[in-house]
Structure formats: C-alpha cells, structure tokens
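Here's the structure we're looking at; comments come further down.
The values are calculated or read from the model by the stated rules, or taken from the named source; none is laboratory data. Fair warning: this is a prediction, and the values are worked out from it, not measured in the lab. Every residue, glycine among them, receives a Cβ derived from its backbone with ideal geometry; neighbour counts consider all protein chains shown.
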C-alpha cells in the first residue's frame, strides 16, 4: 500500500508541476458548460477476509471476486464560472449492470489452499452511481492549453448480486460505498481543424463501507448479515479526443481507467443469536476500464 501511495503522489506532482508553471490569465473560456454522455465500464471488484478455523488462523478464509461485471449508463456534468479563475462543478452518473460473474470461495488453508466452498455464480443485476462536487481553479488558459486544478468530494455506491439459475431462491447482495475528498488535474489542448485532446487525472482518499446480505444462510441476520469498513486510495484517469462543431457544441470520445484499493480493515458479522464476531478485511479492490461518448454545450 505504501508503494501505491508513492506512485500516486509522484504521478500527480509531475503533472501538476508541468502545468502550473505555464500559469496565464489571458484566455477566458465559457461561463456555463453542460455536459451529458453515455458510458460503458468493465469492472473487476474483489475482497477477502481472514478467519480462524478450529483455532487455526487462515490468512485468506473467504474471497469474493466479481469479474467481469459489465455496466452501461449515463452521466451529466454542470460547470459554472463563479470567478475568472474559479468554477463550481456538480456531476452525477448511474450505470446499470447487464452482465457479470462472481466466484465465492472459502479455504481451510493459508494462501488459498484446501478450498472447502467453491461457488461460481452470476452477477448480471445491480448498478453503480456517483455524485461529485468540485471547485476548479483555472491555472492555465491560453490558445495552446487549458488546465484546471480541482478540489472536491465524491460519493460512490455499487450494488452487486449473487444469483444462480439453478437456485432461484439465491438472491444475495453486496453493497459497496466509497466516499472521500479528491484532487484532480484536467487539461485540454486545441488541435487543428476544430479538434482537441482532453485528459484528466484524479486521486483521493477513500472511506470504504461494505454491507452484505447472504439471504440463504439462516444463521445470519437479514437484511444486514455483515459489514466491512476500511480506508483506501483512488486513482482515476480519462483521456480522449473531440471535435468542435461550433463555439458552443463539441463531441468527444474518451477512454476511462480506475484503480481503487483499501488498506486492511474490519469485517463484522451479525448472527441471528445476537453474537457479532469480528475478523480482518484483507482489502477491497476495484479496477475498471471503459469508454464514454460525451456531448458538451457551452455558453
């Protein structure tokens, strides 16, 4: 995790230094910008916990892997210039899951040895949504480059299902929530013939909360069978190209990458008899790649 932190810090500092040195106030862009687009994502989400079996410690006792989970949806972004150098931005998006697989394995030995439960299930329902507020400082605005530094806060939630065509009564769910402050760097470079390049890098601290409902396990409470908590970091990247049809309207195509990972946390189980045993959450990890098509209208 320390190595991951250093990589995030180095990447962001390099991009920040390269752009802030070109500070300029010569070129002011639009006052109001409305953006809407469609998005496709392919997600790999996984978590594992440790445990004790017959007084033996198992470093990976139970592990769930949702891979791949395919989702499609839409998002909207509104940005308003409140000052020559500062804009306020609000964003919301929702994705619907239409295809996916999940494995649920339990182990009797360390390092994923001696599996005692091996479930291969479907995860073709659910969804993902996010809400983000951000303040943008327009550090560079000229004919060659527009660059903004953003500081904000985001709330993300994702719902995953565990389903089985051979057992319709199985309808377990897992809800993952990620939230925390963000630091972003956005750049846009005009090209010839009304084309442009645009990219962004976002990093931030995350507070993670997971909640599971294993609906067929009678010993567990319902609808909350267990909860997981941890702290983590995120790295998001977006890059693509677009075309200006006129001064107000442009259309772009972008590639998306996300890497979110928590440190070690806790897993608290709620049993029907009232007991609440606690064990360790090794980590929760989400990686996703995707593509988005975006239309932008500016005033």
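Here are a few things to note about the model shown:
- Subset of segment 142-168 that is more than 30 Å from residue 100 (Cβ to Cβ) and not in a strand (DSSP E or B) - its residue that is modelled with the highest pLDDT: 145
- Taken together, 255, 274 contain a single residue that is without any contact (Cβ under 8 Å) to a residue 40 or more places away in the chain, surrounded by fewer than 18 Cβ atoms within 10 Å (Cβ to Cβ) and closer than 24 Å to residue 184 by Cα, which is 255.
- Remark: residue 212 falls outside the filter, which requires a residue to be in contact (Cβ under 8 Å) with a residue 40 or more places away in the chain, in a strand (DSSP E or B) and on the phi > 0 side of the Ramachandran plot.
- Summed over segment 41-64, the residues that are in a strand (DSSP E or B) and surrounded by fewer than 16 Cβ atoms within 10 Å (Cβ to Cβ) give a count of 6.
- Failed condition for residue 60, given (1) within 20 Å of the chain's Cα centre (by Cα); (2) touching a residue at least 40 places away in the same chain (Cβ under 8 Å): (1)
- Residue 55 vs. criteria out of contact with any strand residue (DSSP E or B) (no Cβ under 9 Å at 6 or more places or on another chain), more than 26 Å from residue 153 (Cα to Cα) and modelled with pLDDT under 95: yes
- Every residue from segment 107-126 that is part of a strand (DSSP E or B) and under 18 Å from residue 164 (Cα atoms): 117, 118, 119, 120, 121, 122, 126
- Single condition residue 86 does not satisfy, out of (1) surrounded by 15 or more Cβ atoms within 10 Å (Cβ to Cβ); (2) modelled with pLDDT of 95 or more: (1)
- Residue match in segment 236-258 (condition: more than 30 Å from residue 192 (Cβ to Cβ) and outside any strand (DSSP E or B)): no
- If you filter segment 169-193 down to residues that are at pLDDT 95 or above and outside any strand (DSSP E or B), you find that the one that is surrounded by the most Cβ atoms within 10 Å (Cβ to Cβ) is 170.
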